[in-house]
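Since the structure comes first, as structure tokens, the remarks are kept for the end.
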Amino acid sequence: MKKINNIEEQIKTQFPTLSRVFEYWYFNKLKKINVNKNLISPPKNMLKRLAISKQEFFDIYIKPYKTLSKQDLKTVFKILAPELIETYTGIKFDMHKTIPFNGELKYDLSSVRKENALSWLLFQVDLLGIFNLSHELEEFLSIPYHQCYYCGKPNYYKRNGKIKKFNLREVFCHKNNCKKSSNPEKHDNCCYAKWARRRKSLEKALINAKNLAADIIENYEDNNASLEQTTILDNKLNKIFITFCEKQYQENLKIDYTIQTINTKAINLRKNNL
């Protein structure tokens with residue numbers, strides 16, 4: 001039995017081996033997000049290598065750019081581009097020839113949404129209740145408070161012209177034509193219906209794979225399949241679950257809100273141009 005915010009999820013089958021598989025996938029995904037993340041200050045090892053302070057770094061390398069107009073900045077980059085190419089590749093360009101450069105300054109704002117999508121996924125995987133999160137993952141876990149567990153909409157919603165507040169039990173269904181039922185077909189393709197279908201499809205696929213593995217192993221003497229054979233069966237189970245995680249992560253990129261808790265309010269990413 002899984003219980004979050006007084007909502008109970010009846011779990012028929014547990015898959016404890018998936019805990020370590022998910023932990024590896026999660027931290028690998030987080031690492032990739034952080035690699036492309038914008039920095040707000042220079043790394044300490046860089047300051048040590050340059051033998052300057054943080055303030056000196058900004059004065060020398062950042063401040064000169066901030067004093068330029070947008071057009072002047074584009075000009076500087078157009079001059080800087082061939083110089084850097086020659087410095088780091090050894091290829092000398094004819095300065096009279098055109099070097100492709102669109103002159104745009106781009107910030108990786110997508111990293112904010114990626115982190116948010118991963119945070120929601122961690123919670124949703126815990127909500128599935130098919131295994132216990134490791135202690136390392138629990139440190140990253142946030143539980144949404146008065147917020148839809150699927151689309152992230154916080155605090156309240158309108159249903160049939162009336163404002164309804166999210167509470168500890170109503171955290172999915174907020175469409176006009178939905179009926180009170182655990183059957184997703186009784187709902188108007190709301191967040192509850194979408195989540196219920198995905199959860200049930202995952203659980204069915206995992207159970208079928210697990211039962212198939214058990215049937216295959218039974219055909220061996222003393223139920224003793226080879227290491228290679230059991231590894232193949234385990235990999236099938238892992239692939240089903242990680243495929244679910246990847247698809248749900250992509251779906252979560254559409255969530256416009258961060259997870260709010262009792263002490264923190266949800267941030268609307270769309271309103272903040274993220």
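The values are calculated or read from the model by the stated rules, or taken from the named source; none is laboratory data. Owing to the predicted nature of the structure, the values given are computational and were not obtained by experimental measurement. Note: ideal-geometry Cβ built from the backbone for every residue, glycine included; neighbour counts use all protein chains shown. To get the accessible areas, we keep the full protein, side chains included, count just its heavy atoms, and leave off ligands, DNA and RNA. Shrake-Rupley method; radii C 1.70, N 1.55, O 1.52, S 1.80 Å.
Report yes if some residue within segment 211-221 is open to solvent by less than 50 Å² (accessible area, probe 1.4 Å), modelled with pLDDT under 75 and not in a helix (DSSP H, G or I); otherwise report no.
Within segment 211-221, none of the residues are open to solvent by less than 50 Å² (accessible area, probe 1.4 Å), modelled with pLDDT under 75 and not in a helix (DSSP H, G or I).
Those residues that are small (Gly, Ala, Ser) and at pLDDT below 90, I need them from segment 1-42; list them, please.
Hit for segment 1-42 is SER41, nothing else.
Which one is farthest from TYR192 (Cα to Cα) among residues in segment 129-154 that are in contact with a Phe, Trp or Tyr (Cβ under 9 Å, 6 or more places away or on another chain) and in a helix (DSSP H, G or I)?
So, considering only residues that are in contact with a Phe, Trp or Tyr (Cβ under 9 Å, 6 or more places away or on another chain) and in a helix (DSSP H, G or I), the one farthest from TYR192 (Cα to Cα) is GLU136.
Which residues, taken from segment 114-168, are over 30 Å from ARG20 (Cβ atoms) and polar (S, T, N, Q)?
Listed by number, the residues that qualify are ASN155, ASN160, ASN167.
Mind checking which residues of segment 45-65 are open to solvent by less than 90 Å² (accessible area, probe 1.4 Å) and polar (S, T, N, Q)?
Selection gives SER53 alone.
Can you tell me which residues in segment 22-44 are more than 28 Å from THR243 (Cα to Cα), free of Cβ contacts under 8 Å to residues at least 40 places away in the same chain and either in contact with a strand residue (DSSP E or B) (Cβ under 6 Å, 6 or more places away or on another chain) or open to solvent by less than 100 Å² (accessible area, probe 1.4 Å) (or both)?
SER41, PRO42, PRO43
Test LYS78 against the criterion of being at pLDDT below 90, loosely packed, with under 10 Cβ neighbours inside 10 Å and not aliphatic (A, V, I, L, M), and give yes or no.
no
Could you check segment 154-172 and list, in sequence order, the residues that are open to solvent by less than 60 Å² (accessible area, probe 1.4 Å) and within 23 Å of LEU269 (Cβ to Cβ)?
Selection gives PRO154, TYR157, PHE166, VAL171, PHE172.
To keep it simple, each residue is scored yes or no on (1) among the hydroxyl-bearing types (Ser, Thr, Tyr); (2) within 29 Å of the chain's Cα centre (by Cα); (3) modelled with pLDDT of 80 or more.
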residue	(1), (2), (3)
LYS44	no, yes, yes
ILE60	no, no, yes
ASP72	no, no, yes
LEU84	no, no, no
TYR88	yes, no, no
ASN116	no, yes, yes
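Report yes if some residue within segment 165-186 is at negative phi and in a strand (DSSP E or B); otherwise report no.
Yes.
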